[in-house]
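Encoded as structure tokens, the structure appears first; notes follow it.
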Amino acid sequence: MPTDAHLAHAIRDAVARAIAVAGLAGVARTIGLPGGAGDIGNWTEPLGLASLLVEGSLVVLAAAVLDSRTVATVRELAQAVSR
């Protein structure tokens, strides 16, 4: 049965994915940040491209971890029901 620790992990994973997806969606390069108008539309900035790579990797990693936890939780529930 899922515990509070499972819920806390799921929430942290969801927050990490949301932050990474926001970066991938281009929040900092489309609407801009306060006082940072110079980077709007600058998609060839090397640090920006590196950031997108890292953020994309984080999304993939978080999805893999969440998927493995979901499978484990379903197995635990199935075993508890069959007892």
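Here's a check for you: in the range 54-83, which residue that is within 16 Å of His9 (Cβ to Cβ), free of Cβ contacts under 8 Å to residues at least 12 places away in the same chain and of a type outside the set (S, T, N, Q) is surrounded by the most Cβ atoms within 10 Å (Cβ to Cβ)? Looking at the filtered set, the residue picked out is Leu61.
Residues that are of a type in the set (A, V, I, L, M) and either at pLDDT 80 or above or surrounded by fewer than 12 Cβ atoms within 10 Å (Cβ to Cβ) (or both) within the range 20-45 comprise Ala25, Ile31, Leu33, Ala37, listed in sequence order.
Taken across the range 51-72, residues that are at pLDDT below 75, of a type outside the set (Lys, Arg) and over 21 Å from the mean Cα position of the chain (by Cα) do not occur at all.
The values are calculated or read from the model by the stated rules, or taken from the named source; none is laboratory data. Because the structure is predicted, anything quoted here is derived from the model rather than measured. Using ideal geometry, Cβ is built from the backbone for each residue, glycine included, and neighbour counts are taken over all protein chains shown.
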